[in-house]
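What follows is a single structure, written as structure tokens, with notes after it.
The values are calculated or read from the model by the stated rules, or taken from the named source; none is laboratory data. Owing to the predicted nature of the structure, the values given are computational and were not obtained by experimental measurement. We place every Cβ from the backbone using ideal geometry, glycine too, and count neighbours over all the protein chains shown.
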Amino acid sequence: MKIISIANQKGGCGKTTTAINLASALSQNGRKVLLIDLDPQAHASLGLDVESQDSIYNVISRLTPRKLKIENIIKRVADSFDIVPSNILVGTLEQELSDEIGRELKLSEILNPLRSQYDYILIDCPPSLGILTVNAIRVSNEMIIPVETSRFSMQGVDHLMDIVNLVKDRLNHVVSCRVLVTMFDSRLRHSFAMLSAFKERFKGLLFDTIVHINVKLKESAVMGKPVDAYDKYCRGSKDYNTLAKEIIFNDTPKELRKEEKATKVVKVEKVEKIQEVEAVETVEEIETAAEPTFQPMSTRMQELVAEQSKELFKTTFAIEAVNAKSVYVTGSFNDWSLDDSCRLQQVNGRWEVDLELKPGVYKYQFIVDGVWKEDSKNPRKERNSFGDINSLVEVKADESPATP
């Protein structure tokens, strides 16, 4: 189980938007998630249309006439996604806790019973550097700092890092910090200039994923829904889904990453003759088998693989990106999802991958170090509803490999 605080004392940086939509995206990727609204403004609760007279105030406060356990106030948002709501009374905790011994450990104490019930606990921190934020940092394994591409945000990160270092020195608790670029406007040169400045200033701390500016993120909050429930295919939903996958991938031990995919990799020749079958075992199979053995596919399974292989045709996606660290391709052929099968491999500065696709016309974009890009060398394009450009590729039912 991992606890992640989402914090930035600067307003308007997408902190609560990130808390809501990252929690939802993690749950959509098979993780059980609890979102704790620790902000007295209760924007996360409001953004998920959760109303309750009880809040985390009733759990932490010693002065409340209605003392509750945290299990009593958890509200269900969706499958595998719960929230602990907030209200205006949470703001009084700063003063109430100021003279208490062990005030920095209050949140840690109430979260202990929940550690085995969730894969991720996300904390939407107040927009300040007070006792509540210190409590959140003290209980967390990691902190995500959402920033817009502005000089003021850069300064805000420095101030927050000072608090993290203070917690490390005074409370002997180490928290890893990651910086997430949000509200990125790809239409402005200034955005790219500031992005370069962030990469230079915070080397190794930036997420590969970048959250672009998208009106659907605001609309979904007004409707009281996560963006993936409001519009699954919008840019905002895709960005937060990519962020969730990046976090899950980074949290998975290297030796288990392939097994957790629980997939079977099958290589088949176009002439319907199976050349090689590589079975990738699941985590459960590895745990229960001391010496794994690979069973050959049944005759019927071989026939099905051969039949399906006749309908798929090799399509090569490629892009020139000499200084890139990671490149993916995603599109309508895979429901705009992101996984290792869509990761391009680098050869002398050129990134490419071969995908097996059925005949048809597909929309696609590249994701270069978290930035969505059209295929500049493909003249077939169309403008999408987000204001940017999708490239188009047509896969034809013939034996020749297709290229965009």
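Remarks
- Filtering region 138-159 to residues that are modelled with pLDDT of 85 or more, more than 25 Å from Asp388 (Cα to Cα) and in contact with a Leu (Cβ under 9 Å, 6 or more places away or on another chain) leaves Arg138, Val139, Met143, Ile144, Ile145.
- Count of residues meeting criterion [in contact with an Asp or Glu (Cβ under 8 Å, 6 or more places away or on another chain) and more than 13 Å from Pro126 (Cβ to Cβ)] in region 25-54: 10
- Residues in region 360-380 that are under 15 Å from Ser186 (Cβ atoms) and in contact with a strand residue (DSSP E or B) (Cβ under 7 Å, 6 or more places away or on another chain): Gln365, Phe366, Ile367, Val368, Asp369, Gly370, Val371, Trp372, Lys373, Glu374.
Results for (1) part of a helix (DSSP H, G or I); (2) outside the structural domain of Met161 (by TED's automatic domain parsing); (3) buried (at least 18 other Cβ atoms within 10 Å of the Cβ), shown as yes or no for each residue.
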residue: Leu195; (1), (2), (3): yes, no, yes
residue: Phe198; (1), (2), (3): yes, no, yes
residue: Lys203; (1), (2), (3): no, no, no
residue: Val211; (1), (2), (3): no, no, yes
residue: Lys232; (1), (2), (3): no, no, no
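- On the stretch given as region 34-63, residues that are closer than 16 Å to Leu107 by Cβ and surrounded by fewer than 19 Cβ atoms within 10 Å (Cβ to Cβ) total 1.
- Residue pairs whose Cβ atoms lie under 8 Å apart, sitting 6 or more positions apart in sequence or on different chains, and linking a residue in region 23-45 that is without any contact (Cβ under 8 Å) to a residue 60 or more places away in the chain to a partner that is assigned to a loop (DSSP other than H, G, I, E, B) and of a type in the set (D, E, K, R), are Ser27/Asp79; Ser45/Glu51.
- Condition met for Ser237 (part of a helix (DSSP H, G or I), surrounded by 18 or more Cβ atoms within 10 Å (Cβ to Cβ) and in contact with a Pro (Cβ under 7 Å, 6 or more places away or on another chain)): no
- Annotation note: Cβ proximity below 8 Å between a residue of region 84-112 that is farther than 11 Å from Ile60 by Cα and free of Cβ contacts under 8 Å to residues at least 60 places away in the same chain and a residue that is of a type in the set (S, T, N, Q) and assigned to a helix (DSSP H, G or I) (sequence gap 6+ or interchain) occurs for Pro85/Ser45; Ser86/Ser45; Asn87/Ser45.
- Within region 214-255, the set of residues being among the hydrophobic types (A, V, I, L, M, F, W, C) and closer than 23 Å to Asn334 by Cα comprises Leu217, Val227, Ala229, Cys234, Leu243, Ala244, Ile247, Ile248, Phe249.
- Odd one out for Asp162 among (1) surrounded by 13 or more Cβ atoms within 10 Å (Cβ to Cβ); (2) without any contact (Cβ under 8 Å) to a residue 40 or more places away in the chain; (3) of a type in the set (D, E, K, R): (1)
- Checked against (1) without any contact (Cβ under 8 Å) to a residue 40 or more places away in the chain; (2) part of a loop (DSSP other than H, G, I, E, B), Asn8 passes all but a single condition, namely (1).
- Positions within region 137-153 being touching a strand residue (DSSP E or B) at 6+ places or on another chain (Cβ under 7 Å) and free of Cβ contacts under 8 Å to residues at least 60 places away in the same chain, in sequence order: Thr149
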